[in-house]
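Encoded as C-alpha cells, the structure appears first; notes follow it.
The values are calculated or read from the model by the stated rules, or taken from the named source; none is laboratory data. Values in this document were obtained by computation on a predicted structure and should not be read as measured data. Don't worry about glycine lacking a Cβ; one is built from the backbone with ideal geometry, like all the others, and counts go over all protein chains shown. Just so you know, the surface numbers come from the protein's heavy atoms only, side chains and all, with ligands and any DNA or RNA stripped out. Shrake-Rupley method; radii C 1.70, N 1.55, O 1.52, S 1.80 Å.
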Amino acid sequence: MPDEQPQTRQALYDRIRESSKWEVILEEMIRFGFWPAEGTLPDDPADEIRQRGELERELKALRTEQARLKNQAMMLREMRRRRLEASRLKQKENRERRERERQERAAAWQERKSREIGYLGPGVSGGLQAVESDTDRLESFGLPVLHTPAQLAEAMGLRVGALRFLAFSRDVSRTSHYVRFKMPKKTGGERLISALMPRLKQAQRWILDHLLVRLTPHDASHGFRHGRSIVSNARPHTGCAVVVNMDMKDFFPTVDYPRVKGFYRALGYSEAVSTVLALLCTEAETEEVVLDGITWYVTLGERHLPQGAPTSPAISNLICRRLDQRLSGIAGTLGLTYTRYADDLTFSAEAADAPMIGKLLRQTRFVVEAEGFELHPAKTRVMRRHQRQDVTGVVVNQQPAVARKTLKRFRALLHQIETTGPDGKHWGGNPNVLHSIQGFANYVYMVDPDKGAVLKQRVQRILASQR
C-alpha cells in the first residue's frame with residue numbers, strides 16, 4: 001500500500017491504471033484511517049474489491065497477450081506476404097536471367113555455327129575438332145592449304161551453313177541431293193545412276209577442278225582422263241597373240257566413305273576437312289518412302305562413290321594408283337602390257353602360254369583383293385589371235401576398229417533411214433534415232449578415222465534432209 005499521496009494528477013492516473021479506481025480509494029481510506037487495514041475485519045467487504053482488482057489485472061494481462069498474439073499473427077502474415085512477393089520477384093528475375101542466358105547461348109551457337117562445323121551426323125563427326133593439315137605435303141602436291149571446314153567453305157564460295165547442309169549425313173531425311181535412275185548395261189542387268197542436284201554438283205566441280213585434277217593417276221589408267229579414251233586404252237594391245245580382260249565387280253560402290261576420307265587424309269588434309277570432302281563425294285543408296293503424304297529418303301547401306309558424280313571417276317583413278325602400280329609390276333615381270341579403263345583390267349602379250357596366263361590370273365586376283373576390290377567371276381576373258389579380240393568395245397586384232405557386224409548393222413540402218421525416213425527406227429536404246437546415229441558415227445571416227453569420216457558425211461546428209 002502506498003505510504004504517500006500522489007504528488008501529481010498523472011501519478012494518480014498511473015496508480016489507478018496499475019490497479020483500479022476502487023482499490024486506490026480503498027487504500028486511501030485505509031491510509032487516512034477511514035477503513036481498517038487488511039486482515040483486521042472478518043469477512044472484510046474490501047476483499048471483494050481486492051479480488052475484483054486482481055481479476056481485472058489478470059483480464060488486462062490476457063487482453064494484452066491477446067493483442068500481442070494478434071499483432072504477431074499479423075506480423076507473420078505480413079512476413080509471409082513479403083516473402084512471397086520476394087520469391088515471385090526472384091522467380092521472375094531468374095526466368096528473365098535464364099531467358100537472357102538462353103538467347104545468349106543461342107546467339108553464340110548461331111555465331112559458332114556460322115564459323116565452325118561441329119557435327120555432321122552419327123558415325124562421321126568424331127574428327128571434326130582436328131583441324132591441323134600437313135601444309136608441306138599439300139604444297140608438294142600443289143593443293144590449296146585448308147585447315148578447317150570454314151576455310152573450305154570460303155574457298156568454295158559457300159556459307160558454312162550451306163556446306164554443312166550439303167555434307168550432312170542422315171539415316172532418314174526429307175531431302176536428297178541426288179536424283180536416281182537406272183540404265184541398262186550392255187552385258188545385261190541395270191546400272192544405278194545418281195545425278196546430282198545443282199548445288200552439290202557445283203561443290204563437286206570445285207573439288208574436281210581445284211584438287212583432283214592437280215593429281216596424276218598411274219600411267220596405266222585411261223578412263224575419265226583428258227586426252228585419253230577407250231581408244232588409247234585399247235591401242236597398246238593391238239596385234240598381240242593373247243589379250244586377257246578382267247572386270248572388277250561393283251567398282252564405285254566398293255570405294256566407300258572410309259577409303260575416300262583416307263585418300264584425302266593421305267594428301268595432307270586435316271581430319272575435319274577430309275571428313276567434309278569425303279561426305280561431299282560419297283552417298284549411300286536410299287529408298288523413297290511416302291508416309292502421310294511426305295516423302296522420306298531412307299538410307300540403305302554405307303556411303304560410297306556414286307555412279308554419275310563428277311568426282312567419282314577421278315577419285316577412283318587416284319585410289320587405284322597403287323593397284324595400277326602393282327598390276328603393272330606383275331605385267332612387267334611376266335612380259336605383258338597392262339592398262340585399266342575404270343573397272344576394266346586388260347593385259348596382253350606378243351606370245352603367251354597357258355602357265356603364264358594361269359599365273360597372271362592368280363596374281364591379279366590376289367592383288368585386286370588385297371587392294372579392297374573384287375573380280376567379277378563371270379567376266380574374265382582370254383582372247384587369242386584367232387579370236388576376235390576387243391578391249392573396252394574396240395577390236396584390237398590388227399588395229400583399233402569397230403566390230404564388222406556392228407558396222408554392217410549401222411550401215412543397214414542408215415540405208416533404211418535414207419529410204420523410208422527415221423520413223424520407227426532406233427539405235428542404242430535412244431528414242432531419238434537421229435541423235436543416236438550422229439553419236440555412233442563420231443564414235444567410229446574416234447576409233448577408225450577413215451571409216452568414221454565416211455559415216456559422218458553420210459549422217460550429215462541425213463540430218464540435213466530432215467530439217
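Apply 1/(1 + (r/R0)^6) to the Cβ-Cβ distance of K359 and L215, taking R0 = 30 Å, and write down the FRET efficiency to the nearest 0.05. For R0 = 30 Å, the calculated efficiency reads 0.40. For region 321-467, the equivalent ellipsoid built from the Cα gyration tensor has semi-axes of 40, 16, 13 Å, listed from largest to smallest.
Once each part is reduced to its C-alpha centroid, what is the distance from region 238-297 to region 422-441 in angstrom? Measuring centre to centre over Cα atoms gives 33 Å. Given +1 at the Cβ of Lys and Arg, -1 at the Cβ of Asp and Glu and no other charges, the dipole of the chain around its Cα centre is 3780 debye to the nearest 20.
Using a cut-off of under 11 Å, list every residue of region 152-180 whose amide N is near the label point 7 Å from the Cα of L291 along the Cα-to-beta-carbon line. Label zone hits: 172-174. Between the C-alpha center of region 38-113 and that of region 330-384 there is a gap of 99 Å. Applying 1/(1 + (r/R0)^6) with R0 = 30 Å to the Cβ-Cβ distance of E369 and E302 gives a FRET efficiency near 0.95. 3J(HN,Hα) along region 10-23, derived from phi through the Karplus expression 6.51 cos²θ - 1.76 cosθ + 1.60 where θ = phi - 60°, amounts to 5, 5, 5, 4, 5, 5, 4, 5, 6, 10, 7, 4, 6, 5 Hz, with x in place of Gly and Pro.
Using the 1.4 Å probe convention, the accessible area of the chain works out to 59 Å² per residue with neighbouring protein chains retained. Here's how it looks for S133: its modeled amide H is under 5 Å from those of S270, which are all 5 or more places away or on a different chain.
Pop out the carbon and sulfur fraction of the accessible area of region 191-348 as a percent, whole number, probe 1.4 Å. Of all accessible area on region 191-348, carbon and sulfur atoms account for 49 percent. Cross-link pairs exceeding 28 Å in C-alpha to C-alpha distance, out of K249/K359; K405/K425; K425/K456; K113/K261; K201/K261; K201/K379, comprise K201/K379. By DSSP, the beta bridges lying fully in the chain are antiparallel in about 95 percent of cases.
The calculated FRET efficiency for the pair L334 and Q387, based on their C-beta separation and a Förster distance of 30 Å, comes to about 0.90. Once the chain from A73 to R9 is taken as fully extended at 0.36 nm per residue, the excess over their C-alpha distance is 19.3 nm. Using only the alpha carbons of region 337-414, what is the convex hull's orientation-averaged projected area in square nanometres? Convex hull of Cα atoms, orientation-averaged projection: 6.7 nm². When the accessible area of region 402-465 is split by element with a 1.4 Å probe, what percent falls to carbon and sulfur? C and S atoms contribute 53 percent here. Normalised by 2.2 N^0.38 Å, with N the number of residues, the alpha-carbon radius of gyration of the chain equals 2.20. Computed per residue of the chain from DSSP H runs no shorter than four, each worth -39500 (n - 2.57), the mean residue ellipticity at 222 nm is -17000 deg cm²/dmol.
For the pair V145 and R228, label points projected 7 Å from Cα toward Cβ lie 3.1 nm apart.
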